[in-house]
Amino acid sequence: MEIPRNGMTGKRPKVEGEGIWKNRNEIIHEGTGRPGKVVVRSSLMLLDEYQTANESPEVGQKSTHAIMRWSPPQQECYKVNVDGTVFTKRKQMGIGVVIRDSAGEVVAVLSNRLAVPLGALETEAKAMETGVRFAAKVGIKDVIFEGDSL
């Protein structure tokens, strides 16, 4: 399993070393351990997750948006905020949904990463669709939907 470095020179050996060290400590202190291939594979998966989380979104996707403050919905109503981001190099998109009540308290959240190569606008539309479906699944009825691109 080869994970591209994406400019992360030296990170792979360090992550593998940390995985080996952790496995060593588990063997010594807990009497359990994992096979070497499993240690390396899980270390590489952690590195991949780290790189994905720290990858820059598509250039220009968010740069034209003004900074806006969140405002709560009216009493007896909920607000569903959605956002999407595109990871062009990985041909993936990320979607986030947050549902809050009129006091601003978080009621439910959802986060997904999908291996679907969509553009920025299509990703925002998919995020909105996901928000609508998620609100229905949670049982929220009086809803205001809000996104930063649609």
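Where a number appears in this text, it was derived from the coordinates with a stated rule and is not lab data. Bear in mind the structure is a predicted one, so any value in this text is a computation, not a measurement. Every residue, glycine as well, gets a Cβ built from its backbone with ideal geometry; the counts of neighbours run over all protein chains shown.
Assorted remarks:
- For 110, 118, the sequence from fewest to most other C-beta atoms within 10 Å is 118, 110.
- The fewest-to-most ranking of 32, 123, 88, 130 by surrounding Cβ atoms within 10 Å reads 32, 88, 130, 123.
- Alpha carbon Rg of the range 78-147, scaled by the compact-globule rule 2.2 N^0.38 Å: 1.12
- Site pair residue 28 and residue 145 shows an inter-label distance of 5.5 nm when each label is modelled 7 Å from Cα along Cα→Cβ.
- In order through the range 37-51: 3J(HN,Hα) via Karplus (6.51 cos²θ - 1.76 cosθ + 1.60), integer Hz, x for Gly, Pro: 4, 5, 4, 5, 4, 5, 5, 5, 5, 4, 4, 4, 4, 4, 4
- Local charge for residue 75 was computed over the other residues whose Cβ lies under 14 Å away, with Lys and Arg +1 and Asp and Glu -1, and equals -2.
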